[in-house]
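Here's the structure, in structure tokens; my notes come after.
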Amino acid sequence: MDDLQAEIETKKYLEGDLDSNGEKRYFLIGLYDDQVIGTIEFGPGSDL
């Protein structure tokens, strides 16, 4: 569980989308009957 928490704390991609108004990265959200059924994020690659 520690790995998951560390990943959540270090990956602030959604925050980056909102801060840059979608210019650096953005998300698309798939909805079906008012429920989120999928997401995809577009932006620069990570340093993996």
**Prompt:** Can you spot a residue in the range 25-35 that is among the charged types (D, E, K, R), modelled with pLDDT of 80 or more, outside any strand (DSSP E or B) and at negative phi?
**Reply:** yes
**Request:** Could you run through the range 1-24 and say how many residues are in contact (Cβ under 8 Å) with a residue 12 or more places away in the chain and assigned to a loop (DSSP other than H, G, I, E, B)?
**Result:** 1
**Request:** Please specify each residue of the range 1-31 satisfying the condition of being among the hydrophobic types (A, V, I, L, M, F, W, C) and under 17 Å from Pro44 (Cα atoms).
**Result:** Leu14, Leu18, Phe27, Leu28
**Asked** Of the residues that sit in the range 1-24 and are surrounded by fewer than 10 Cβ atoms within 10 Å (Cβ to Cβ) and polar (S, T, N, Q), which one is modelled with the lowest pLDDT?
**Response** Thr10
**Item:** Filter pass, Ile37 being in contact with a strand residue (DSSP E or B) (Cβ under 6 Å, 6 or more places away or on another chain) and surrounded by fewer than 10 Cβ atoms within 10 Å (Cβ to Cβ)
**Value:** yes
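The values are calculated or read from the model by the stated rules, or taken from the named source; none is laboratory data. Note that the structure is predicted; figures quoted are calculated from it, not measured. When we count neighbours, we look across all protein chains shown, and the Cβ atoms used for this are built from the backbone with ideal geometry, even at glycine.
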